[in-house]
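Data first, discussion second: the structure below is written as structure tokens.
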Amino acid sequence: MTADRPASTSPPVLTFIVPAYNMAQHLPTCLDSLLSREGDDLEVIVVDDGSTDATAQVVKSYQARHPHTVRLISQTNKGHGGAVNTGLAAARGSYIKVVDADDWVDPASLSLVLDQLRNQSRRSNPVDMVVTNYVYEKEGRKHKRVINFRSVMDPGRVLDWNHLRRFGLAQYMIMHALILRTEVLRQAHTRLPEHTYYVDFIYSYQPLPWVHTLLYLDTDFYRYHTGRQGQSVQTSIMIARVSQLLLVNGLMADSTPEPGTVPRGLYRYMIHYLSINCVVTSVFLILSRKPSNYRNKDMLWRRLEHRSPVIASDVRSTLLCRMINMPGRPGRLAIRLGYKAAEAAMGFN
């Protein structure tokens, strides 16, 4: 692994970590957005994860223009999780935001976010996690779907987990919504599996017991580029990689605290989030139409029961999990039809 780094300056308030594998075509849009409000307290780390295209050359051109802000780290390929791990280890900012190389942030929203983070960094007890809205930037669609959390938390107030209202049936805080305090991630020993897809589930889940305070900013900050051919969230690709969903599900289950060991509001949210992941994994096991994956679905639930009967019972009792466990062939047919309807309703097909 090689790192090009500028002369050290005072610690930045925010580090953007950009994992990049063969992203030369998309990086300029991403980096232009991250640098649209450049200041001495901003750091952009691009981890070139063994690219075979001009990714490193693109980053070096930005580094030449922004030598105190942009850093390039080149490594042999370790996958998205391995690239995030490298960025986490190198980050100097008080807060960390992971931005995928084909996504971007809104410049006006970035100004608001930076002002808030600067204010928090000056405090003796800075907030542990900042939550923002994100936007599905679906290729070919004029109407962009915005995900916000107004129904769950009051904007502009420092909250704890017990202040949060109940999340909607399929509503949860994905990686794109989160800015985490660096010290939280290090206390949690957050480390993602290498050469594994869908590790964003783990990133937005495993550190949560170390998060004590939250701040919601009702601003459309993150722009999530979807609809591009070959993306890991395409239905056919998720079916082909369903074994990796199973791996991620197991790691999430292992990270789930027992009730009574964390605030009630946090436990309730983690059960809600874990139940959604169990449903997502179960759905793609069913969509594969392979008897071996039907057995893997049963194994997922047995494994959770073995991990913790209490957690398994709480997850199974959620409405989504009761629906996903309808028995036999009629149950599988209902899941396939339900998935198609949900995909169409949410505009992802």
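The values are calculated or read from the model by the stated rules, or taken from the named source; none is laboratory data. The model shown is predicted, which means the values in this text are computed figures rather than measured ones. Counting neighbours? That spans all protein chains shown, and the Cβs are built from the backbone with ideal geometry, glycine included. To get the accessible areas, we keep the full protein, side chains included, count just its heavy atoms, and leave off ligands, DNA and RNA. Shrake-Rupley method; radii C 1.70, N 1.55, O 1.52, S 1.80 Å.
Quick rundown of the values:
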{"item": "Viscosity 0.890 mPa s, temperature 25 °C, Stokes-Einstein D of the chain from Kirkwood C-alpha radius, µm²/s", "result": "117 µm²/s"}
{"item": "Arg65 accessible area, assembled protein chains, probe 1.4 Å, Å²", "result": "140 Å²"}
{"item": "Phi-based couplings in Hz for the stretch 120-133 (Karplus 6.51, -1.76, 1.60; Gly and Pro marked x)", "result": "5, 5, 7, 7, 6, 10, x, 5, 7, 8, 10, 10, 10, 6"}
{"item": "Restraint check, Lys60/Lys97; Lys78/Lys297; Lys60/Lys138; Lys144/Lys290, Cα-Cα greater than 32 Å", "result": "Lys144/Lys290"}
{"item": "C-alpha long axis of helix 242-254 to longest principal axis of the chain, angle in °", "result": "80 degrees"}
{"item": "Dimensionless Rg/Rh of the stretch 175-267 - Kirkwood Rh, Rg from C-alpha atoms", "result": "1.00"}
{"item": "Antiparallel DSSP beta bridges within the chain, percent to nearest 5", "result": "35 percent"}
{"item": "Prolate/oblate/rounded label for the stretch 215-324 (Cα gyration tensor, a/c 1.5)", "result": "oblate"}
{"item": "For the stretch 99-246, share of DSSP beta bridges that run antiparallel, in % to the nearest 5", "result": "50 percent"}
{"item": "Sequence of His163, His306, His66 from largest to smallest accessible area, 1.4 Å probe", "result": "His306, His163, His66"}
{"item": "Taking the stretch 14-226 and dividing mean pair separation by its residue count, relative contact order in percent (alpha carbons under 8 Å, at least six apart)", "result": "27 percent"}
{"item": "Surface share of carbon and sulfur [accessible, 1.4 angstrom probe, percent] for the chain", "result": "53 percent"}
{"item": "Accessible area (Å², per residue) of the stretch 1-113, counting only protein heavy atoms and a probe of 1.4 Å", "result": "37 Å²"}
{"item": "List Lys290, Lys142, ordered by accessible area with a 1.4 Å probe, largest first", "result": "Lys142, Lys290"}
{"item": "Cα shape, the stretch 40-112, gyration tensor, a/c 1.5 rule", "result": "prolate"}
{"item": "Long-range amide H partners of Val44 with built H, under 5 Å", "result": "Phe16, Val70, Arg71"}
{"item": "Computed magnitude of the charge dipole of the chain (debye, nearest 20; Cβ of K, R +1, Cβ of D, E -1)", "result": "1300 debye"}
